[in-house]
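Throughout, read-outs are computed from the coordinates displayed, never taken from laboratory work. Since we're looking at a predicted model, the values are computed, not measured.
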Amino acid sequence: MGHLEFYNETTGEWTNIEDVPLFDTINCQLCNEPTEARDIVAEIAFKDGHPVVGAWQCRKCKAVNG
């Protein structure tokens, strides 16, 4: 597997996503239970060269949004 970088327009540099502090859990929007971030699957689509979330799924409650 490779690595993921994003362009930070404020600094003008590419940043490795692993260097950005992220939270460990988030609440699912449908079951409202704390869910580990790794259990949220997002389909990322690009529109006009910019990433947008097309749909996401919670592996815990099997909810699909999008």
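Subtracting the Cα-Cα distance of Lys47 and Trp14 from 0.36 nm times their residue separation leaves 9.9 nm of extension gain.
With no solvent and one point per C-alpha, what does the Debye sum give as log10 I(q)/I(0) for the chain at q = 0.21, 0.28 Å⁻¹? Reported log10 I(q)/I(0), two decimals: -1.03, -1.18. Taking 0.36 nm per residue of separation and subtracting the Cα-Cα distance, full extension of the segment from Lys60 to Gln29 would add 10.0 nm.
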